[in-house]
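Student: So that we are looking at the same thing, I have put the structure below in structure tokens.
The values are calculated or read from the model by the stated rules, or taken from the named source; none is laboratory data. Since this is a predicted model, take the numbers as computed values, not measurements. Glycine gets a Cβ as well: all are built from the backbone with ideal geometry, and neighbour counts include every protein chain shown. Note: accessible area is taken over every heavy atom of the protein model, side chains too, but ligands, DNA and RNA are not part of it. Shrake-Rupley method; radii C 1.70, N 1.55, O 1.52, S 1.80 Å.
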Amino acid sequence: MTSNRSFVLAASLFALALALSAVPAAPQSATPTIWSGVFSAAQAKRGEALAGKRCATCHNADLAGGQDGPALVGADVLQAWNGTTAADLFDKIKTTMPADAPQTLSSQETADLVAFIFSQNKCPAGEKDLPSEIDALKQIQVTPERKP
């Protein structure tokens, strides 16, 4: 009797192991892009207010470019940044902008501006703010268009 129970138990465990091995593994999450909802709408709104004070003189309020600064929106802009990360854009802004007072933006202000730039490029907002830490920003790819 004991050997029958042992056999049934072993057979059941073997069947369970086979069933579990047939379940496909969960897909690896794709690398986040600027199209993955990497900033919040509230953060983009903060960036818009800041851009009006610190960026509009050169880039215009809508970031379409002005006499003294290039456009920060449009397919050409996203194509130019293709293959880089949010950290690259963040670093460029943090170290060189505004042109008349470089390196005066805080990390949070810079992240808010990057969020506004993404929103102006029609990237969707998500639930969380774009981080202001370089290591986290390095994980977010800039691509010119949303990938399915």
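Student: Of all residues in the range 99-141, which are part of a loop (DSSP other than H, G, I, E, B) and closer than 21 Å to residue 70 by Cβ?
Tutor: Within the range 99-141, 99, 100, 101, 102, 103, 104, 105, 121, 122, 123 qualify.
Student: Let me ask something additional. Restricting the first residue to the range 73-99 and requiring it to be within 15 Å of residue 141 (Cβ to Cβ), which pairs with a second residue that is open to solvent by 50 Å² or more (accessible area, probe 1.4 Å) and part of a loop (DSSP other than H, G, I, E, B) meet a Cβ separation below 7 Å and a spacing of at least six or different chains?
Tutor: The qualifying pairs are 85/138; 87/138.
Student: Let me ask something else. Let me confirm something: among 127, 145, which residue is acidic (Asp, Glu), modelled with pLDDT under 95 and over 11 Å from the mean Cα position of the chain (by Cα)?
Tutor: Testing whether each residue is acidic (Asp, Glu), modelled with pLDDT under 95 and over 11 Å from the mean Cα position of the chain (by Cα) leaves just 145.
Student: Another question about this same structure. In the range 91-98, is there at least one residue being at pLDDT 95 or above and part of a loop (DSSP other than H, G, I, E, B)?
Tutor: yes
Student: Within the set of pairs 6+ apart or on separate chains, which have a first residue in the range 108-120 that is touching a residue at least 40 places away in the same chain (Cβ under 8 Å) and under 13 Å from residue 137 (Cβ atoms), a second that is outside any helix (DSSP H, G or I) and hydroxyl-bearing (Ser, Thr, Tyr), and C-beta atoms under 6 Å apart?
Tutor: 111/132
Student: For residues that are closer than 18 Å to residue 111 by Cα and in contact with a Gly (Cβ under 8 Å, 6 or more places away or on another chain), scanning just the range 57-70, find the one that is least open to solvent (accessible area, probe 1.4 Å).
Tutor: Step by step, filter the range 57-70, then rank; the result is 59.
Student: Let me ask something additional. Could you check how many residues of the range 92-108 are surrounded by fewer than 17 Cβ atoms within 10 Å (Cβ to Cβ) and farther than 16 Å from residue 43 by Cβ?
Tutor: Going through the range 92-108 one residue at a time, the tally reaches 9.
Student: Anything in the range 109-134 that is exposed (fewer than 15 other Cβ atoms within 10 Å of the Cβ) and more than 26 Å from residue 79 (Cβ to Cβ)? List them, or say none.
Tutor: Answer for the range 109-134, where residues must be exposed (fewer than 15 other Cβ atoms within 10 Å of the Cβ) and more than 26 Å from residue 79 (Cβ to Cβ): 127, 128, 133.
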